[in-house]
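Contents: one structure, followed by commentary.
The values are calculated or read from the model by the stated rules, or taken from the named source; none is laboratory data. Because the structure is a prediction, the values reported are computed rather than measured. Virtual Cβ from ideal backbone geometry, glycine too; neighbours counted across all protein chains shown.
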Amino acid sequence: MLDKNNATIKIVSIIDDDIDERIELVVSGGFYEKNSTFYIMYEEKKEMEMADCSVMIKIHNDEMTVTRKGEINSKMFYKSGKTSEFLYQVPYGTIPLVLNTKSVEHNLDDEGGRVELDYSLIIQQEEQFHRMSIEVKVNS
């Protein structure tokens, strides 16, 4: 049985715009590997200045899928060099977005590791550049 809080997860997200917005989040969550795919799970809460939702991150080679369920519902697919479209469902409506992934890189193993993501989001013809790192440490 997976311990749902077997890891500490640190997420740093930087939006490259005029003021370089930086968001940092440290949470307890779950982490495991199955069939060469790594899974990271955690909860976002209003107390964190986030919406209440469950987050599942799935990483395989240079592909990453982030699924949110709760007050926000979305499934974002990142693959190095690829573009994808998705719907971002929030309490007041649905927003269509385009995701251009420059790179997905990781050095994950059984003890955790790091994921580096470089991408842009296109919202109503406006492009925002993003960098994200996810650091996972399995609790001993």
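Points worth noting:
- Ile95, sole failed condition from (1) closer than 21 Å to Gln125 by Cβ; (2) buried (at least 16 other Cβ atoms within 10 Å of the Cβ): (2)
- All of (1) without any contact (Cβ under 8 Å) to a residue 60 or more places away in the chain; (2) more than 18 Å from Asn107 (Cβ to Cβ); (3) not small (Gly, Ala, Ser) hold for Ile59 with one exception: (2).
- Thr8 more than 23 Å from Ile123 (Cβ to Cβ) and either among the hydroxyl-bearing types (Ser, Thr, Tyr) or at pLDDT 95 or above (or both): yes
- Residues in region 61-81 that are surrounded by fewer than 15 Cβ atoms within 10 Å (Cβ to Cβ) and not in a strand (DSSP E or B): Asn61, Glu71, Gly81.
- Members of region 29-39 that are touching a residue at least 24 places away in the same chain (Cβ under 8 Å) and part of a strand (DSSP E or B): Gly29, Gly30, Phe31, Tyr32, Glu33, Phe38
- The single residue among Glu43, Glu47, Glu24 that is more than 23 Å from Asp118 (Cβ to Cβ), at pLDDT below 95 and in a strand (DSSP E or B) turns out to be Glu43.
- Close pairs (6 angstrom Cβ cut-off, 6 or more residues apart or separate chains): under 20 Å from Lys75 (Cβ atoms) in region 90-115, assigned to a strand (DSSP E or B) and of a type in the set (S, T, N, Q) anywhere: Leu99/Ser84; Asn100/Thr83; Asn100/Ser120
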